[in-house]
Amino acid sequence: MMTLLIGLGIVLFAVLLDQGSKQLMLHILSDLPNQTIEVIPNFFRFALRFNTGAAFSSFDGDFWLLMGMTVVATIIFIFIAKKADIKKAPLNAIAIYMMIGGMIGNFIDRVFYPNHAVVDFLSFTFFGWDFAVFNIADSFLVIGTILLCIDIFFFEGKRKANEVKEEETDASISD
């Protein structure tokens, strides 16, 4: 029950932060020339963009495919989240709920914004290369994915080994 409450808190935080930041940026940037504010010259700017695709504008304009993938992925992650345990695998649980929040944040955009576009506004330039413009939901998805990978590569094996040891100990006690 505690995992579910913490998880719902993470999802709610992600969605509210994402949607609130998008509303703020729409309000601030919509009437500006180029819809851009330079924050750190040649490095970071707020730049309002509408993405009808997925990451790096892949599947641009393919609304039904993107909606279908989002719904299926969200359902899968909700089922995975049902097995998440914040006490035994906190990084795993947090990562899963962050990813659900990110998916829901972008899903809301696709349903309610014109042309089923996702609102993006964070823009970085690295060594003269303009990185893809993204949003807070995308950040939750990426950070959640990284945390999940860290958990899988560094902690899952240890958890499984501990479970085997506990089973062996329980078996030897009952003998």
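The values are calculated or read from the model by the stated rules, or taken from the named source; none is laboratory data. All of these numbers come straight from a predicted model, not from anything done at the bench. Please note: Cβ atoms are built from the backbone with ideal geometry, for glycine as well, and neighbour counts cover all protein chains shown. Heavy atoms of the whole protein, side chains included, go into the accessibility calculation; ligands, DNA and RNA do not. Shrake-Rupley method; radii C 1.70, N 1.55, O 1.52, S 1.80 Å.
Note on segment 114-144: residues that are touching a helix residue (DSSP H, G or I) at 6+ places or on another chain (Cβ under 9 Å) and not in a strand (DSSP E or B) total 14.
Mind telling me which of the residues ASP109, ASP151 ends up being crowded, with 17+ Cβ neighbours inside 10 Å, assigned to a helix (DSSP H, G or I) and touching a strand residue (DSSP E or B) at 6+ places or on another chain (Cβ under 6 Å)?
Details: ASP151 fails: touching a strand residue (DSSP E or B) at 6+ places or on another chain (Cβ under 6 Å).
Exactly one residue qualifies, and that residue is ASP109.
Among the residues of segment 3-13, are any surrounded by 12 or more Cβ atoms within 10 Å (Cβ to Cβ) and either modelled with pLDDT under 90 or among the acidic types (Asp, Glu) (or both)? Scanning segment 3-13, I find at least one residue that is surrounded by 12 or more Cβ atoms within 10 Å (Cβ to Cβ) and either modelled with pLDDT under 90 or among the acidic types (Asp, Glu) (or both), so the answer is yes. For segment 37-73, filtered to residues that are acidic (Asp, Glu) and modelled with pLDDT under 90, the residue that is nearest to ASP138 (Cα to Cα) is ASP60. A single entry from SER57, SER30, SER21 fulfils the requirement of being of a type in the set (Ser, Thr, Tyr) and open to solvent by 60 Å² or more (accessible area, probe 1.4 Å): SER57.
With respect to being among the β-branched types (Val, Ile, Thr) and farther than 15 Å from ALA14 by Cα, ILE143 falls outside the description. For segment 1-53, residues that are closer than 19 Å to PHE112 by Cα, in a helix (DSSP H, G or I) and not aliphatic (A, V, I, L, M) total 7. Taken together, the criteria place LYS87 among residues that are under 30 Å from GLU156 (Cβ atoms), outside any helix (DSSP H, G or I), touching a helix residue (DSSP H, G or I) at 6+ places or on another chain (Cβ under 9 Å) and of a type in the set (D, E, K, R). Of everything in segment 118-148 that is open to solvent by 30 Å² or more (accessible area, probe 1.4 Å) and of a type in the set (Asp, Glu), the residue that is modelled with the lowest pLDDT is ASP130.
Might you let me know whether segment 158-174 holds any residue that is surrounded by 17 or more Cβ atoms within 10 Å (Cβ to Cβ) and acidic (Asp, Glu)? Looking for residues that are surrounded by 17 or more Cβ atoms within 10 Å (Cβ to Cβ) and acidic (Asp, Glu), one finds none in segment 158-174, hence no. Count of segment 17-45 residues, restricted to those that are in contact with a helix residue (DSSP H, G or I) (Cβ under 8 Å, 6 or more places away or on another chain) and among the aliphatic types (A, V, I, L, M), is 3.
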